[in-house]
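Novice: The structure under discussion is supplied below as structure tokens; questions concerning it will follow.
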Amino acid sequence: MTFLFTDIEGSTRLLYDLGEERYGAALDEHRGLLRAAFASYGGVEIDTQGDAFFVAFPTAPGALAAAAEAQRGLADGRIRVRMGLHTGTPRLTTEGYIGVDVHRAARIAAAGHGGQVLVSSSTAALVGVELRDLGEHRLKDLAAPERIYQLSDEGFAPLKSLGRSNLPVPATPFVGRVRELVEAGELLGRTRLLTLTGPGGTGKTRLALQLAAEASDRHPDGVFWVPLASLADPALVLETVGRAVGAQRGPAAHIRDGSMLLLLDNYEHLMDASVDLADLLAECPNLRLLVTSRELLRLSGEQAYPVPPLAPADGTQLFLARAWAADPHFAPDGAVDELCARLDQLPLALELAAARVRVLSTSQLVDRLSQRLDLLKAGRAADPRQQTLRATIEWSHDLLDAEEQRLFARLAVFCGGCTLESAEDACAADLDVLQSLVDKSLVRERAGDRFWMLETIREFALERLEASGEAEAVRGRHAEHYIALAEAEEETVLSVAPTPALERLEQEHDNVRAALDWLEQVGRVEDALRLASAIWEFWCLHVHADEGARRFERLLALDERPTLARAKALTGVAHLLRHAVRPGLDRRTLAAAALELHRLVGDPRGIAYAEQEVALVRLVQGDAAAALPLFEENARQLWKLGDEHHALQALVFAADCCEAIGDLDRAQAIAEELLEGARAAGDGQSESSALIALSRLAAGRGRFAEGAALVGEAFRIVEARGLRMRVVPTLVRLARLLVDAGRAEVATCVLGCIEAVREESGAENSEVARSAMEPALQAVRAALGEEAFAEAWTRGLALTPQDAVALAVAEVGGAPT
């Protein structure tokens, strides 16, 4: 069946322009024209609300012909009507047609403009008429992208679809909540911080997602979802926001004056981050925050919106939609309304109940739920809605068989979800049992390879895990699983091609954090050191250096036994202190201790890594002559061990030493050898380092344009390979080259850009970056004076790294300032 929706564009303005009498006459004429056109092609009027029609047609060609005839009839009038067509299979109820396809047709119409007829791909395939392809669009129902076509070649404004957004595609269509969308939408238009509050299961997230989608037209710089349920550390909230919006220099620097909406989802456990959010709002004047939380943030200007239960009609509609999704042959009876009322119209409770209709009638559901609710409510003083939700989850849990209950409790150990392999290993999960939990809405599946729970359900499952007597054993298996995973990925992370392992560890970072927390809590510090020391390079390359250094500092203080795990941890924290500063830790002492302990336990590769850290400390502290032979010997040992990447890194530092002591010919030879070896090995990190070394040498000989071009090439590699920790050193090299070339103003712009990047990336405490920047800063201040310096610095703070590199490469050949 093909559905046609229509709506008058700008009807309110037209009413004021024409006046009530003339508008009423125009509206009657419009209705007569449309009804005649629809009837001519077999259309059946299903619903009429105000100035909008919902019409069903038996054929797609007939629906399209009716739309075309209606638009021709309206062509000379004041009224402009948008129309949308979609073909699908609806469900017929006593109230009319319902279903996903009805929603989709309405959304297609809403995306258009007056005089425009939009056609879905399913309809376009059936009409046999040439249509204009408008491409794929995500509509505001948040479903997957739909290819939209237009009848006629007339030019219209861009469709009112979702623009820049990462809003997820919900598994089911949005149902009801018309009043809430209007009320909360009006509040969102008047405030910059709107918090949707309510207990778990009231539908805060789903309502917020729809609100965000509806508001996308008002936020041209994007609408972004930031899921926070699995995040444990408030200090990571802004970093998580930055990742969601694609920031390279921190969210504030990225958003700036942009008109953007952020949806911060499940915020209640991160209240200590609220000051950071207040600062973000202050720095970004056109930013809006939409937050879902069980409690308010208590910030100035915050607007609360308590999310109520569904209206009775909406609750019934949601239950029926989910019940038919579970069982297409489900036949509702007179108990549906009673069931929804007993569940207090809570969306999560209704979904859990609907998942059971394959085996129980609605009356049976009412009987079982009633007994359980009476028992659970006795003597409880909590919010009745939370009682009901708890009762519903417990009731749904009690209907599981013993094997399902056991797996349900065990899966609560995961933070941020898990893969099937992780569930099998840590929880002894059986695939059929896991799928049964998915079918019963207690576990959800994302992207076909990750299983997770709503936080409300996970909280209940954690209680069941604690009550089972298995909690310690399951957490132990969880920790051992992630120790094994980290150790299995360790070699790849330390190799020339670490990206796949880095992405896997990033996806599992919340589980790794949870495992580390538990191991420390129960006193298994050596195992915690094993896990942390297997991922120190991940922490470095993915800009978690501060977090890693904090973790190592705590664990090393708890276990001072001379173990291999401690030796690797000492090397790891010495390495991370290149990019993070912990006042209680001395890098030189740690590197020396790592080398001594690795020698004691007899770990050849660990010895080589520690030797490299010891030599690097000497180089950074200005003793290049002493460091050079250490790096040369280190490279030889690493080649023998077959560790190509770290051998090449040793050559990087050897070239730096030669340059520092004035042996430029030798530095050139080493850098050229390094570049050839890095390209042969596919080692992007070493290749970019070789290019930087060659750039310094070229600039030292006065070939500034050549030097800048080499830095530009190095930056392209850093960007293409996702080498986040190489961005700052690359920009520092460029700034120093510009200073030497006499381009003080452009150098200051680049230095300002570096400052912004360092603040965002966690590289603000990088010893190399700090020491390298200071001479350049002193030189440009002296060359420009404070006023010109401040102006160029401010411009630089607003530059992206890409902009800064392009500016420098383009300008470096001109006359000095």
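Novice: Looking only at region 18-35, filter to residues that are open to solvent by 50 Å² or more (accessible area, probe 1.4 Å) and touching a residue at least 24 places away in the same chain (Cβ under 8 Å); which one of those is nearest to ARG72 (Cα to Cα)? Please lay out each step first, then the result.
Specialist: First, the residues of region 18-35 that are open to solvent by 50 Å² or more (accessible area, probe 1.4 Å): 20-22, 25, 28-29, 31, 33, 35.
Next, from what is left, pick out any that are touching a residue at least 24 places away in the same chain (Cβ under 8 Å): 29, 33.
Values: GLU29: 14, LEU33: 10 Å.
Only one residue fits best here, namely LEU33.
Novice: Could you list all residues from region 576-589 that are surrounded by 19 or more Cβ atoms within 10 Å (Cβ to Cβ) and either under 28 Å from the mean Cα position of the chain (by Cα) or more than 23 Å from ALA235 (Cβ to Cβ) (or both)? Reasoning before the result, please.
Specialist: Narrowing region 576-589 to residues surrounded by 19 or more Cβ atoms within 10 Å (Cβ to Cβ): 576-580, 587.
Correct list: LEU576, LEU577, ARG578, HIS579, ALA580.
Novice: While we're here: Please identify the pairs in which a residue from region 417-434 that is within 14 Å of ARG475 (Cβ to Cβ) and of a type outside the set (Ser, Thr, Tyr) has its Cβ atom under 7 Å from the Cβ atom of a residue that is open to solvent by 70 Å² or more (accessible area, probe 1.4 Å) and in a helix (DSSP H, G or I), counting only partners at least 6 apart or on another chain.
Specialist: Final answer for the pair search is ALA426/ARG477.
Novice: With the condition kept exactly as written, say whether any residue in region 67-79 is within 28 Å of GLU20 (Cα to Cα), without any contact (Cβ under 8 Å) to a residue 24 or more places away in the chain and of a type in the set (Lys, Arg).
Specialist: yes
Novice: Could you run through region 152-172 and say how many residues are within 24 Å of MET83 (Cα to Cα) and open to solvent by less than 40 Å² (accessible area, probe 1.4 Å)?
Specialist: First pass over region 152-172, keeping only residues within 24 Å of MET83 (Cα to Cα): 152-163.
Next, only the ones that are open to solvent by less than 40 Å² (accessible area, probe 1.4 Å) stay: 159, 161-162.
Total satisfying the criteria: 3.
Novice: Under 6 Å by Cβ, and 6 or more places apart or on different chains, what pairs join a residue from region 151-174 that is without any contact (Cβ under 8 Å) to a residue 24 or more places away in the chain with one that is assigned to a strand (DSSP E or B) and not aromatic (Phe, Trp, Tyr)?
Specialist: From region 151-174, the pairs are ASP153/ARG132.
Novice: Within region 58-78, does at least one residue satisfy the condition of being in a strand (DSSP E or B) and at negative phi? Step through it out loud before you land on a result.
Specialist: In the first step, residues of region 58-78 are kept if they are in a strand (DSSP E or B); the result is none.
No: region 58-78 contains no residue that is in a strand (DSSP E or B) and at negative phi.
Novice: Scan the helices (runs of 4 or more DSSP H) fully inside region 444-533 and keep the ones with 1 or more residues being open to solvent by 40 Å² or more (accessible area, probe 1.4 Å) and among the aliphatic types (A, V, I, L, M). Give the derivation first.
Specialist: On the way: elements: 455-468, 471-493, 499-507, 509-521.
Per the criteria, 455-468, 471-493.
Novice: Does VAL739 qualify as being open to solvent by 30 Å² or more (accessible area, probe 1.4 Å), among the aliphatic types (A, V, I, L, M) and out of contact with any strand residue (DSSP E or B) (no Cβ under 9 Å at 6 or more places or on another chain)?
Specialist: Numbers: open to solvent by 30 Å² or more (accessible area, probe 1.4 Å): yes; among the aliphatic types (A, V, I, L, M): yes; out of contact with any strand residue (DSSP E or B) (no Cβ under 9 Å at 6 or more places or on another chain): yes.
Yes.
Novice: Just a yes or no: is a residue in region 400-411 modelled with pLDDT under 95, more than 28 Å from the chain's Cα centre (by Cα), closer than 23 Å to PRO199 by Cα and open to solvent by less than 50 Å² (accessible area, probe 1.4 Å)?
Specialist: Taking every residue of region 400-411 in turn, none turns out to be modelled with pLDDT under 95, more than 28 Å from the chain's Cα centre (by Cα), closer than 23 Å to PRO199 by Cα and open to solvent by less than 50 Å² (accessible area, probe 1.4 Å).
Novice: Can you tell me how many residues within region 100-126 are under 24 Å from PRO170 (Cα atoms) and open to solvent by 30 Å² or more (accessible area, probe 1.4 Å)?
Specialist: Step one: filter region 100-126 for residues under 24 Å from PRO170 (Cα atoms), giving 100-112, 118-123.
From what's left, open to solvent by 30 Å² or more (accessible area, probe 1.4 Å): 100-101, 103, 106-107, 110, 121-122.
Residues in region 100-126 being under 24 Å from PRO170 (Cα atoms) and open to solvent by 30 Å² or more (accessible area, probe 1.4 Å): 8 in total.
Novice: Applying the selection to region 157-176, what residues are modelled with pLDDT of 80 or more and more than 16 Å from SER216 (Cβ to Cβ)?
Specialist: VAL175, GLY176 - these are the residues of region 157-176 that are modelled with pLDDT of 80 or more and more than 16 Å from SER216 (Cβ to Cβ).
Novice: Report, ordered by the first and then the second residue, all pairs with beta carbons closer than 6 Å, sequence separation of six or more or different chains, a first member in region 94-116 that is within 17 Å of PHE57 (Cβ to Cβ), and a second member that is assigned to a strand (DSSP E or B) and of a type in the set (Gly, Ala, Ser).
Specialist: Pairs found: ALA105/GLY84; ILE108/GLY84; ILE108/SER120; ALA109/GLY84.
Novice: Specify the residue that is farthest from LEU541 (Cα to Cα); the eligible residues are those in region 573-587 that are in contact (Cβ under 8 Å) with a residue 12 or more places away in the chain and assigned to a loop (DSSP other than H, G, I, E, B). Let's see the steps before the verdict.
Specialist: Of the residues in region 573-587, the ones in contact (Cβ under 8 Å) with a residue 12 or more places away in the chain are 573-582, 584-585, 587.
If we keep only those that are assigned to a loop (DSSP other than H, G, I, E, B) as well, we get 577-582, 584-585.
Details: LEU577: 13, ARG578: 12, HIS579: 10, ALA580: 13, VAL581: 16, ARG582: 18, GLY584: 23, LEU585: 21 Å.
So, considering only residues that are in contact (Cβ under 8 Å) with a residue 12 or more places away in the chain and assigned to a loop (DSSP other than H, G, I, E, B), the one farthest from LEU541 (Cα to Cα) is GLY584.
Novice: Output the residues belonging to region 323-347 that are touching a residue at least 40 places away in the same chain (Cβ under 8 Å) and either crowded, with 22+ Cβ neighbours inside 10 Å or among the acidic types (Asp, Glu) (or both).
Specialist: Hits for region 323-347 are LEU343, ASP344, LEU346, PRO347.
Novice: Please list, ordered by first then second residue, the pairs with beta carbon atoms under 9 Å, 6 or more apart or interchain, first in region 513-530 and farther than 12 Å from ALA565 by Cα and at pLDDT 95 or above, second open to solvent by less than 30 Å² (accessible area, probe 1.4 Å) and of a type in the set (Ser, Thr, Tyr).
Specialist: Close Cβ pairs (under 9 Å, with a partner that is open to solvent by less than 30 Å² (accessible area, probe 1.4 Å) and of a type in the set (Ser, Thr, Tyr)) amount to ALA514/TYR482; ALA515/TYR482; LEU516/TYR482.
Novice: Has region 201-213 got at least one residue that is surrounded by 22 or more Cβ atoms within 10 Å (Cβ to Cβ), of a type outside the set (A, V, I, L, M) and on the phi > 0 side of the Ramachandran plot?
Specialist: yes
Novice: What pairs can you find where one residue is in region 640-655 and in contact (Cβ under 8 Å) with a residue 60 or more places away in the chain, the other is open to solvent by 20 Å² or more (accessible area, probe 1.4 Å) and part of a loop (DSSP other than H, G, I, E, B), and their Cβ atoms are less than 6 Å apart, with a gap of 6+ or different chains?
Specialist: HIS645/SER495; HIS645/VAL496
Novice: I've got another one for you. Could you identify the single residue in ALA282, ALA278 that is within 34 Å of the chain's Cα centre (by Cα), under 24 Å from VAL245 (Cα atoms) and free of Cβ contacts under 8 Å to residues at least 12 places away in the same chain?
Specialist: Details: ALA278 fails: free of Cβ contacts under 8 Å to residues at least 12 places away in the same chain.
Result of the check over ALA282, ALA278: ALA282.
Novice: Then there is this: How many residues does region 37-64 contain that are among the hydrophobic types (A, V, I, L, M, F, W, C), surrounded by fewer than 18 Cβ atoms within 10 Å (Cβ to Cβ) and in contact (Cβ under 8 Å) with a residue 24 or more places away in the chain?
Specialist: Summing the residues that are among the hydrophobic types (A, V, I, L, M, F, W, C), surrounded by fewer than 18 Cβ atoms within 10 Å (Cβ to Cβ) and in contact (Cβ under 8 Å) with a residue 24 or more places away in the chain in region 37-64 gives 2.
Novice: Taking the residues in region 538-551 that are crowded, with 21+ Cβ neighbours inside 10 Å and at pLDDT 90 or above as candidates, determine which candidate is nearest to GLU687 (Cα to Cα).
Specialist: Filtering region 538-551 for residues that are crowded, with 21+ Cβ neighbours inside 10 Å and at pLDDT 90 or above, the one nearest to GLU687 (Cα to Cα) comes out as PHE538.
Novice: Just give me the residues in region 688-724 being closer than 29 Å to ALA247 by Cβ and acidic (Asp, Glu), in sequence order.
Specialist: GLU713, GLU719
Novice: Given the criteria open to solvent by less than 50 Å² (accessible area, probe 1.4 Å), small (Gly, Ala, Ser) and modelled with pLDDT of 95 or more, does ALA567 qualify?
Specialist: On the way: open to solvent by less than 50 Å² (accessible area, probe 1.4 Å): yes; small (Gly, Ala, Ser): yes; modelled with pLDDT of 95 or more: yes.
Yes: the conditions hold for ALA567.
Novice: Could you tell me whether region 74-95 includes any residue that is more than 30 Å from THR316 (Cβ to Cβ), open to solvent by 50 Å² or more (accessible area, probe 1.4 Å) and of a type outside the set (D, E, K, R)?
Specialist: Yes, the conditions are met somewhere in region 74-95.
Novice: Among the numbered criteria (1) under 28 Å from TRP225 (Cα atoms); (2) of a type in the set (Lys, Arg); (3) surrounded by fewer than 19 Cβ atoms within 10 Å (Cβ to Cβ), which single criterion is violated by ARG358?
Specialist: Result: ARG358 fails condition (1) only.
Novice: Quick one: what pairs do we get from region 185-214, first residue over 16 Å from LEU297 (Cα atoms) and at pLDDT 90 or above, second among the basic types (Lys, Arg) and part of a loop (DSSP other than H, G, I, E, B), C-beta under 6 Å, 6+ apart or different chains?
Specialist: LEU207/ARG177
The values are calculated or read from the model by the stated rules, or taken from the named source; none is laboratory data. Keep in mind it's a predicted model, so treat the numbers as computed, not measured. Cβ coordinates were reconstructed from backbone atoms using ideal geometry, including for glycine residues, and neighbour counts include every protein chain displayed. Accessible surface is based on the protein model in full, side chains and every heavy atom, while ligands, DNA and RNA are left aside. Shrake-Rupley method; radii C 1.70, N 1.55, O 1.52, S 1.80 Å.
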